[in-house]
Amino acid sequence: MSPQPRFFDRKHTDDLAAFVEASPTAYHAVRSVAERLEKAGFRQVAETDAWDGESGGSYVLRGGAVVAWYVPRGARPETPFRIVGAHTDSPNLRVKPRPDMGSAGWRQVAVEIYGGPLLNSWLDRDLGLAGRLTLRDGSTRLIATERPLLRVPQLAIHLDRQVNEGLTLDKQRHLQPVWGLGDAADGDLIGYLAEEAGLDPEDVVGWDLMTHDMQPPAYLGRDKDLLAAPRLDNLLSVHAGTAALAAAAHPDLPYIPVLAAFDHEENGSESDTGAQGPLLGNVLTRSVHARGGSYEDSRRALAATVCVSSDSGHAVHPNYAERHDPTHHPRANGGPILKTNVNQRYATDGTGRGLFAAACDRVGVPFQHFVSSNAMPCGTTIGPITSARHGITTVDVGVPILSMHSARELCGADDPHLLASALKSFLEQ
Ligand code: ZN
């Protein structure tokens with residue numbers, strides 16, 4: 001076994017921890033992205049405005065999605081794009097339209113399950129609520145409780161002696177959090193959240209609210225070489241892509257670097273802010289047209305465009321090594337993984353492999369290979385969707401983590417920086 005790299009650049013990982021903490025929902029994540037891009041000189045443009053073709057950095061926000069791009073000085077209409085793709089959403093418990101419920105003297109909140117969480121990981125945690133409130137005038141307000149508000153209490157072992165032989169959770173009955181005592185009344189939860197946000201509850205006409213674990217990210221292990229945090233899948237990639245774009249943006253680049261971070265990956269990407277939607281294609285095409293390009297120019301640009309789609313992957317698990325392919329064992333702090341699946345669950349092919357390897361080689365970043373064991377169904381991500389929808393050569397990469405889709409995941413503390421370095425190199429090359 002080769003020695004593991006020791007980069008010890010924890011400034012990037014410290015910033016990732018701050019990013020994750022400030023981003024309990026996809027809506028907050030794109031705000032965190034925007035804050036970092038503004039510092040790098042990017043400006044927000046509205047989809048409803050007419051766009052100009054000036055050089056410099058721009059970004060579009062739509063719900064929980066963001067697309068940002070930087071036009072170098074000499075960019076022509078047919079100049080190709082270099083795209084980093086990622087997703088902003090994570091599995092969790094989300095508030096139902098009529099949230100106020102209760103049982104046996106407990107106040108509870110009705111929740112729906114979003115994506116494929118490890119349900120057991122949501123038990124007995126101090127949970128906050130965050131998301132957006134929609135107001136009567138059509139505007140939205142981001143909110144996040146600053147203290148734990150909810151808990152999904154597990155049944156005591158004395159009342160379920162078989163629980164350690166296998167926990168079974170009924171998704172409707174066993175996951176409704178408690179948030180106090182007393183009788184539930186319609187309007188309680190939203191009224192409370194509105195007042196906490198300094199709003200008149202009467203003005204709140206809609207909401208998109210979800211739970212998050214309140215425990216802050218932490219370094220773990222003898223050498224503090226691990227990072228435990230919620231939503232590493234996939235805020236780790238969103239953060240790395242943002243850092244890479246901000247650092248790569250330069251007037252002399254030969255390509256147009258792009259960050260595309262989508263919502264709704266965890267349930268198939270089919271929404272106006274998901275990778276199946278038109279957002280990325282619209283931005284790329286409009287950017288070509290804004291520089292005076294034609295339909296022909298936009299097709300030429302896309303034909304030479306490449307996307308690196310970054311999403312979390314599986315590090316080899318010490319207690320379940322047999323679940324992984326025996327000759328592909330991604331290790332934490334071994335560098336980013338290149339994901340391959342011949343059945344196109346990942347979009348990587350030999351050409352894409354070469355592109356990513358070159359990007360890593362340029363900056364001395366090691367990379368590893370991930371492939372599923374033949375006995376396990378392979379996961380997927382936005383890579384194949386982006387590839388198929390836009391006809392863009394796409395490479396699937398990521399950082400290997402443990403406990404994927406747990407309320408709290410685990411990665412190597414050096415890998416986020418290694419990924420960001422590789423992505424920056426890709427955007428510049
Ligand atoms: Zn993911």
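Coordinate-derived values only; no laboratory data. On a predicted model such as this, the values are computed, not experimentally measured, just so you know. Virtual Cβ from ideal backbone geometry, glycine too; neighbours counted across all protein chains shown.
Taken along the Cα-to-beta-carbon direction at a fixed 7 Å, the label points for ARG43 and ALA304 span 2.8 nm.
Restriction of the GluC sites (Glu not before Pro) in the stretch 53-133 to DSSP coil positions whose beta-carbon has at most 15 other beta-carbons within 10 angstrom yields GLU54. Here the chain is treated with +1 on each Lys and Arg Cβ and -1 on each Asp and Glu Cβ, and its dipole about the Cα centre works out to around 980 debye.
Along Cα→Cβ, 7 Å out, is where each label goes; now give me the distance between the ones at THR168 and GLU270 in nm to one decimal. Each label point is offset 7 Å from its Cα along the Cβ direction, giving 3.1 nm.
Computed over the chain with a Gaussian network model linking Cα atoms closer than 10 Å, the most mobile of PRO377, PRO177, PRO278 is PRO377.
Principal-axis analysis of the Cα atoms of the chain puts helix 415-428 at an angle of about 30° to the longest axis.
Of LYS11/LYS339; LYS224/LYS339; LYS39/LYS224; LYS11/LYS224, which pairs sit farther than 20 Å apart, going by alpha carbon to alpha carbon?
Going by Cα-Cα distance, LYS11/LYS339; LYS224/LYS339; LYS39/LYS224 fall outside the 20 Å limit.
The trypsin sites (Lys or Arg not before Pro) of the stretch 31-98 that meet both conditions, a loop assignment by DSSP and at most 16 other Cβ atoms within 10 Å of the site Cβ, are ARG73. When THR327, THR340 are arranged by Cβ crowding within 10 Å, least crowded first, meaning fewest neighbours, the order is THR327, THR340. Using the Cβ of ALA185 as centre and a radius below 11 Å, the other residues enclosed give a net charge of -3, where K and R count +1 and D and E count -1. Please compute the net charge surrounding GLY352, taking Lys and Arg as +1 and Asp and Glu as -1 over other residues with Cβ under 12 Å from its Cβ. The answer is 0. Counting only DSSP H runs of at least 4 residues, each contributing -39500 (n - 2.57), and dividing by the residue count of the chain, the helix-based mean residue ellipticity at 222 nm comes to -8000 deg cm²/dmol.
Pairwise Cα distances in the chain exceed 41 Å for 17 percent of all pairs. Mean separation of Cα pairs under 8 Å and 6 or more residues apart, divided by the residue count, gives the chain a relative contact order of 24 percent. Could you state the angle between the C-alpha long axis of helix 10-21 and the longest principal axis of the C-alpha atoms of the chain, as a value from 0 to 90 degrees rounded to the nearest 10? It works out to around 50 degrees. Considering only TYR320, TYR295, TYR255, the mean-square fluctuation computed in a Gaussian network model of the chain, springs between alpha carbons under 10 angstrom, is largest for TYR320. By the beta-carbon count within 10 Å of each Cβ, the least crowded to most crowded order of THR168, THR88, THR134, fewest first, is THR168, THR134, THR88. Taking the chain as a Gaussian network of alpha-carbon nodes connected by springs under 10 Å, the highest mean-square fluctuation of the residues GLY383, GLY138, GLY241 belongs to GLY138. Measuring r between the beta carbons of SER103 and ARG76 and using R0 = 51 Å, the FRET efficiency lands at 0.20. Helix 279-290 and the long axis of the chain differ in direction by around 30°, with both axes built from C-alpha atoms.
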